[in-house]
1. Could you say whether any residue in segment 14-32 is in a helix (DSSP H, G or I), farther than 30 Å from W89 by Cβ, among the small types (G, A, S) and at pLDDT 80 or above?
2. Taking segment 85-116, which residues are closer than 30 Å to V20 by Cα and either touching a Pro at 6+ places or on another chain (Cβ under 6 Å) or not charged (D, E, K, R) (or both)?
3. Please specify each residue of segment 33-47 satisfying the condition of being part of a helix (DSSP H, G or I) and exposed (fewer than 14 other Cβ atoms within 10 Å of the Cβ).
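The values are calculated or read from the model by the stated rules, or taken from the named source; none is laboratory data. What you see is a predicted model, and the numbers here were worked out from it, not measured in a lab. Using ideal geometry, Cβ is built from the backbone for each residue, glycine included, and neighbour counts are taken over all protein chains shown.
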Amino acid sequence: MAWKFAKLKGLTRLCFVTHVSFILASSVGQALSFLALFLRPEPSLRLLGSDKSRKEQRVLMKMEEALLLGMFLVQSLALVSACAVQRRWLRQYEEVEAERDASARKRSRRMARVQEEAIANAEAVARELEEKTRRSKEGRWAKNDFEGRGREA
């Protein structure tokens, strides 16, 4: 059972690392796009090559900057929440494993106690049986000796 938790723990770690990698890659792309639009507006406008008026192009570019900044903030929140969820899951798995280990230790202690009691009971029964057989043999020997002496006399 412990290997399942280890496998699950490794799988969740892999999924977490993959998810964080995607979020970071997306965040870096959005941040770079925002910085390119914000710091170098003229080359960005030339790249767009739109037929719209210059004023309309600037408004659209500012909207795109705002959207990229908003997406960056949402991705940052997603990263923080992913880290929080991973940490909570890890803590829960550790608690479950600790409970499982504690119950296994209790169970093994109980089993050891039961085995000790069973051994003690078996030894007591063996002693009683040995005592009974010894008494019955002594009784038979005494009777035979008595009967043997009675015949000789």
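1. Kept after step one, since they are in a helix (DSSP H, G or I), are these residues of segment 14-32: 14-32.
Cutting the leftovers down to farther than 30 Å from W89 by Cβ gives us 32.
Of the ones still in play, those that are also among the small types (G, A, S) are none.
Taking every residue of segment 14-32 in turn, none turns out to be in a helix (DSSP H, G or I), farther than 30 Å from W89 by Cβ, among the small types (G, A, S) and at pLDDT 80 or above.
2. Matches in segment 85-116: V85, Q86, W89, L90, Q92, Y93, V96, A98.
3. Let us first name the residues in segment 33-47 that are part of a helix (DSSP H, G or I), namely 33-39, 41-47.
Of everything in segment 33-47, those that are part of a helix (DSSP H, G or I) and exposed (fewer than 14 other Cβ atoms within 10 Å of the Cβ) turn out to be L35, L39, E42, P43, R46, L47.
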